[in-house]
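Report on the following structure.
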4 protein chains.
Amino acid sequence: MGTQNKEYIYELEFKVRDYECDLQGIVNNAVYQNYLEHTRHEFLRSTGNDFAQLHLQGIDPVVIKSELEYKSPLRSGDVFVVKLLMRRLSFVKFQFIEDVYLKGNERPVLLGAITCAVTMGGRPVKIDVLPEALKNLMVSAE
Amino acid sequence: MGTQNKEYIYELEFKVRDYECDLQGIVNNAVYQNYLEHTRHEFLRSTGNDFAQLHLQGIDPVVIKSELEYKSPLRSGDVFVVKLLMRRLSFVKFQFIEDVYLKGNERPVLLGAITCAVTMGGRPVKIDVLPEALKNLMVSAE
Amino acid sequence: MGTQNKEYIYELEFKVRDYECDLQGIVNNAVYQNYLEHTRHEFLRSTGNDFAQLHLQGIDPVVIKSELEYKSPLRSGDVFVVKLLMRRLSFVKFQFIEDVYLKGNERPVLLGAITCAVTMGGRPVKIDVLPEALKNLMVSAE
Amino acid sequence: MGTQNKEYIYELEFKVRDYECDLQGIVNNAVYQNYLEHTRHEFLRSTGNDFAQLHLQGIDPVVIKSELEYKSPLRSGDVFVVKLLMRRLSFVKFQFIEDVYLKGNERPVLLGAITCAVTMGGRPVKIDVLPEALKNLMVSAE
């Protein structure tokens with residue numbers, strides 16, 4: 001999960017809020033998942049899809065695995081970006097690669113991989129049911 | 001909003017979790033609202049009512065005002081209790097008095113007052129629609 | 001605590017993040033305190049003061065009371081602004097009035113009043129110890 | 001990361017709080033990291049070590065990787081346990097295996113692996129610097 005040759009297709013800028021920092025003066029480990037989730041949802045909106053809309057069609061992407069590598073901490077007031085790409089893993093799984101960088105800096109703060117499956121009516125289905133526009137944005141995982 | 005002569009009817013014990021503490025090493029101000037909400041919901045459950053159940057009957061209590069007086073901070077590892085009583089304020093409003101104490105200590109950490117109204121289908125109604133068992137637990141606010 | 005004739009001196013724009021919404025599909029009551037805190041801290045930074053800096057001088061503003069009136073809920077994806085003004089309440093207390101509005105809308109979502117005192121080395125002191133630039137921004141509470 | 005033959009050495013019971021649930025009516029993915037963190041800290045306390053104490057000796061365990069496999073969701077009111085064991089991965093890394101189960105149920109809700117390194121004065125050191133009592137609780141990762 002390095003950062004070489006990753007062709008990100010979306011990015012979202014954030015600023016650390018003090019309530020996200022913990023006793024140690026750094027952003028709490030769990031808060032990064034909030035950042036990554038918000039970035040995914042804003043990305044989906046930017047493609048004209050959102051979870052509410054997919055849900056009305058009976059289609060629910062669900063996170064089945066989160067992997068987060070913490071490289072260096074974010075602190076009070078830091079401005080950072082979450083950069084995202086999507087990978088097709090198999091007929092039934094896709095993945096968001098979501099990496100965090102201090103704004104204007106190439107050294108990663110966090111490397112994230114969020115693996116998703118798709119359910120219809122609570123049962124797992126092939127990711128083929130996702131909108132074409134979304135599937136076209138996925139690269140294959142070599 | 002003192003603590004004299006308050007006849008609490010419910011209490012719930014908690015322990016501070018480190019992720020609830022902020023840069024200053026104390027529980028973040030917003031987190032107390034989480035404690036108070038959880039206590040109200042557990043109290044409702046203890047009376048045989050829960051929000052999901054009321055909601056199915058079309059009845060939704062909604063918080064219209066929160067007042068929190070911070071008396072002394074909670075810190076990592078502190079064990080504390082939230083004590084609760086209910087007051088009838090008017091035909092359309094009732095209030096949870098919810099005070100926080102370090103366990104075994106009579107000096108309050110926080111004094112809270114959460115004022116609620118009731119809606120049916122999104123429209124305000126008299127609190128008479130609440131279950132009898134719940135209304136009987138309310139004292140009148142003199 | 002109406003919104004008439006309030007001369008706000010600072011505002012900050014936000015967008016609701018889905019993880020801030022609860023079972024009822026609306027922003028959880030406690031999350032508004034996060035919004036208000038972040039707005040206060042950004043405001044302080046904008047005046048050239050921040051909490052870390054004040055703390056190094058031994059000066060710690062502390063919240064002693066929060067009052068929040070919930071007028072209408074925020075939902076997934078809503079863009080909103082928190083508008084702020086500061087009032088001098090007494091020799092030892094000042095207050096942030098912080099109101100939330102949907103962007104471009106004049107009907108308030110939430111009316112907030114956050115009362116603060118100032119401590120030096122943990123002991124309450126007069127608010128005179130605050131930086132001149134900050135005190136000059138306070139209006140008197142008539 | 002199955003659950004077979006895992007000899008857990010610590011467990012902590014929790015109850016889902018409604019504010020931890022999101023729009024979908026289930027505990028938000030990020031919240032599980034809060035549960036796991038609190039369990040680790042309570043475990044450390046139970047062994048007579050806590051982070052504050054270690055920190056005073058200049059020793060800081062830091063999370064460098066989180067891996068969470070979501071098996072089935074937790075919902076409002078669920079009572080669950082987090083079970084923990086510690087593994088020595090190398091001279092410089094150890095890992096908490098932390099799995100979540102509904103109380104009295106053997107089917108896992110979540111499988112977690114939290115990899116840690118140790119720093120002294122911000123620089124990585126061998127995990128040998130950890131207290132003997134803690135190292136003795138680690139099993140080797142075959």
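The values are calculated or read from the model by the stated rules, or taken from the named source; none is laboratory data. Since the model is a prediction, treat every value here as computed from it, not as a measurement. Ideal geometry is used to build each Cβ from the backbone, glycine not excepted, and the neighbour counts take in all protein chains shown. Note: accessible area is taken over every heavy atom of the protein model, side chains too, but ligands, DNA and RNA are not part of it. Shrake-Rupley method; radii C 1.70, N 1.55, O 1.52, S 1.80 Å.
The mean number of partner chain beta-carbon atoms within 10 angstrom of a residue's beta-carbon across peptide B:54-67 is 3. Reducing segment D:1-57 and segment B:51-127 to their Cα centroids gives an inter-centroid distance of 27 Å.
Only the Cβ atoms of Lys and Arg (+1) and of Asp and Glu (-1) were treated as charged; on that basis the dipole of the protein assembly as shown about its Cα centre amounts to roughly 0 debye. Heavy-atom accessible area buried between chains A and C is around 1400 Å² (1.4 Å probe, both sides summed).
Scalar couplings 3J(HN,Hα) for segment C:97-110, obtained by applying the Karplus form with A = 6.51, B = -1.76, C = 1.60 to θ = phi - 60°, are 8, 9, 10, 10, 10, 4, 4, x, 10, 9, 7, x, 8, 8 Hz; x denotes Gly and Pro.
Charges were assigned to the Cβ only: +1 to each Lys and Arg, -1 to each Asp and Glu. The resulting dipole of segment B:12-88 about its Cα centre is roughly 280 debye. Here A:Lys15 and B:Lys15 are evaluated by their C-beta separation; at R0 = 45 Å the FRET efficiency comes out at 0.90. The relative contact order of segment A:6-99, computed from alpha carbon pairs under 8 Å that lie at least 6 residues apart in sequence, is 45 percent.
Between B:Asp22, B:Asp99, B:Asp60, the GNM of chain B built on Cα springs shorter than 10 angstrom shows B:Asp22 fluctuating the most.
Helix A:31-46 sits at what angle to the longest principal axis of chain A, using alpha carbons and giving 0 to 90 degrees rounded to 10? Tilt of helix A:31-46: around 50 degrees.
Under a Gaussian network description of chain A, with springs only between Cα atoms under 10 Å, the residue in A:Thr119, A:Thr47, A:Thr39 that fluctuates furthest is A:Thr47. At an R0 of 60 angstrom, the distance between the Cβ atoms of C:Gln53 and B:Lys135 translates into a FRET efficiency of 0.70. Scalar couplings 3J(HN,Hα) for segment B:127-139, obtained by applying the Karplus form with A = 6.51, B = -1.76, C = 1.60 to θ = phi - 60°, are 6, 3, 6, 5, x, 3, 4, 7, 4, 5, 8, 7, 9 Hz; x denotes Gly and Pro. In the assembled protein chains, C:Met120 presents an accessible area of approximately 70 Å² (probe radius 1.4 Å). Dividing the summed helix terms, -39500 (n - 2.57) for each DSSP H run of n ≥ 4, by the number of residues in chain B produces a 222 nm estimate of -5000 deg cm²/dmol to the nearest 500. Accessible area of B:His55 (1.4 Å probe, protein heavy atoms only, ligands and nucleic acids ignored): about 100 Å². Residue by residue, segment B:78-92 carries 3J(HN,Hα) couplings of 4, 9, 9, 10, 9, 10, 10, 9, 10, 10, 8, 9, 6, 5, 10 Hz when phi is fed to the Karplus relation 6.51 cos²θ - 1.76 cosθ + 1.60 (θ = phi - 60°); x denotes Gly or Pro.
The amide H of A:Ile64, built 1.01 Å from its N in the peptide plane, has A:Thr115, A:Cys116, A:Ala117 as neighbours under 5 Å, considering only residues 5 or more places off or on other chains. Size estimate for the protein assembly as shown follows the Kirkwood approach: the inverse of mean 1/r over distinct Cα pairs works out to 25.4 Å. Rounded to the nearest 10 square angstrom, C:Tyr10 shows an accessible area of 40 square angstrom against a 1.4 Å probe. Computed from the Cβ-Cβ distance with R0 of 30 Å, the FRET efficiency linking B:Phe91 to C:Glu106 stands at 0.50.
Which value results for Rg/Rh of chain A when Rg is the Cα radius of gyration and Rh the Kirkwood radius based on the inverse mean 1/r? When Rh is taken as the Kirkwood radius, the ratio is 0.99. Decide, for segment A:51-122, between rounded, prolate and oblate: order the square roots of the alpha carbon gyration tensor eigenvalues as a ≥ b ≥ c, take rounded if a/c falls under 1.5, and otherwise choose prolate if a/b is larger than b/c, else oblate. Prolate, because a/c is 1.5 or more and a/b exceeds b/c. Taking the label point 7 Å along Cα→Cβ, B:Ser90 and its counterparts in the other copies are spaced 2.8, 6.1, 6.7 nm apart, in ascending order. D:Val139 label point (Cα plus 7 Å toward Cβ) to equivalent points in the other copies: 3.9, 5.4, 6.6 nm, shortest first.
For chain A, the fraction of 1.4 Å probe accessible surface lying on carbon and sulfur atoms is 49 percent.
In this structure chain B gives 46 Å² per residue of accessible area when probed at 1.4 Å with all protein chains present. Copy-to-copy label distances for D:Arg75, where each label lies 7 Å from Cα along Cα-to-Cβ, are 2.4, 4.2, 4.5 nm in order of increasing length. Have a look at segment D:68-91 and report residues whose accessible surface goes down by 30 Å² or more when the remaining protein chains are included, against the chain on its own, probe 1.4 Å, ligands and DNA/RNA excluded. Residues passing the criterion (a loss of at least 30 Å², heavy atoms only) are D:Leu68, D:Glu69, D:Tyr70. Here the dipole of chain D is about 260 debye; that uses its Cα centre as origin and unit charges on the Cβ of Lys and Arg (positive) and Asp and Glu (negative). Pairs with C-alpha atoms separated by more than 23 Å, drawn from the list A:Lys103/D:Lys93; C:Lys6/C:Lys93; D:Lys6/D:Lys135; C:Lys6/C:Lys135, are A:Lys103/D:Lys93. In segment C:86-142, taking the dipole from charged Cβ atoms about the Cα centre, the farthest positive-side position among C:Gly121, C:Ala141, C:Asn105 is held by C:Gly121. Counting only DSSP beta bridges whose two residues both lie in the protein assembly as shown, roughly 95 percent are antiparallel. When a/c reaches 1.5 or more, the comparison of a/b and b/c decides; with that in mind, is segment D:81-142 rounded, prolate or oblate per its Cα gyration tensor? Because a/c hits 1.5 or more and a/b exceeds b/c, segment D:81-142 counts as prolate.
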